[in-house]
1. Is it the case that ILE140 is part of a loop (DSSP other than H, G, I, E, B), modelled with pLDDT under 85 and either surrounded by fewer than 19 Cβ atoms within 10 Å (Cβ to Cβ) or not aliphatic (A, V, I, L, M) (or both)?
2. Please verify whether PHE72 is modelled with pLDDT under 90, surrounded by 13 or more Cβ atoms within 10 Å (Cβ to Cβ) and among the aromatic types (Phe, Trp, Tyr), treating the condition exactly as stated.
3. Give me the residue from the stretch 44-68 that is assigned to a helix (DSSP H, G or I), surrounded by 13 or more Cβ atoms within 10 Å (Cβ to Cβ) and more than 19 Å from the chain's Cα centre (by Cα) and, out of that set, modelled with the lowest pLDDT.
4. Is the stretch 32-42 home to any residue that is hydroxyl-bearing (Ser, Thr, Tyr), over 15 Å from ILE129 (Cβ atoms) and at pLDDT 85 or above?
5. Mind listing just one residue for me: the one in the stretch 89-105 that is modelled with pLDDT of 90 or more and among the small types (Gly, Ala, Ser) and, of those, surrounded by the fewest Cβ atoms within 10 Å (Cβ to Cβ)?
Amino acid sequence: MRPFFCILAAAALLCGCAAVQKSPPPFIVGSPQDYGQFPTNSEHLVKLYIKAFFRDPDSTRDVNVGEPRKDFLNVHTAVADAYFLVHSYPNNAQIYGYRIPFWANSKNGFGGYTGSQVHYLFVRDNDIIDCLDSDSTYIIR
């Protein structure tokens, strides 16, 4: 019985030595020294996004746009399928750009106002890359 347990323990230890597949290096757009062009037209970009993607853009009110801040975005499958991608990025891209926070009060599907909700527009070289809302798992730096 003892040899059986020794063989079982050796097999368990050897299974832990299996080769770990390394993920490919990320595709990097920009760098910590290059965040692209500073977005001077933040309000215009926010209006474009609201007009294109909000359920009832004409009823949106109380839109407040914050200051752009340097940030980076790790592109995963969900982001790679975003509607507003101007450029095609691979699945594991890391993009340096600017995060523009904005708050908007708009109507939901039932016609009632939701209250002021925060959204984060991610921009590089005045191109909208993605928008994340307060429900997204987005880390604010």
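1. yes
2. Numbers: modelled with pLDDT under 90: yes; surrounded by 13 or more Cβ atoms within 10 Å (Cβ to Cβ): yes; among the aromatic types (Phe, Trp, Tyr): yes.
So PHE72 fits the description; yes.
3. Among residues in the stretch 44-68 that are assigned to a helix (DSSP H, G or I), surrounded by 13 or more Cβ atoms within 10 Å (Cβ to Cβ) and more than 19 Å from the chain's Cα centre (by Cα), the one modelled with the lowest pLDDT is PRO57.
4. First pass over the stretch 32-42, keeping only residues hydroxyl-bearing (Ser, Thr, Tyr): 35, 40, 42.
Checking the rest, the ones that are also over 15 Å from ILE129 (Cβ atoms) come to 40.
Next cut, at pLDDT 85 or above only: 40.
Scanning the stretch 32-42, I find at least one residue that is hydroxyl-bearing (Ser, Thr, Tyr), over 15 Å from ILE129 (Cβ atoms) and at pLDDT 85 or above, so the answer is yes.
5. Step one: filter the stretch 89-105 for residues modelled with pLDDT of 90 or more, giving 96-105.
In the following step, the residues that additionally are among the small types (Gly, Ala, Ser) were identified as 97, 104.
On the way: GLY97: 27, ALA104: 22.
Looking at residues that are modelled with pLDDT of 90 or more and among the small types (Gly, Ala, Ser), I get ALA104.
The values are calculated or read from the model by the stated rules, or taken from the named source; none is laboratory data. These numbers come from a predicted model, not from an experiment. Glycine gets a Cβ as well: all are built from the backbone with ideal geometry, and neighbour counts include every protein chain shown.
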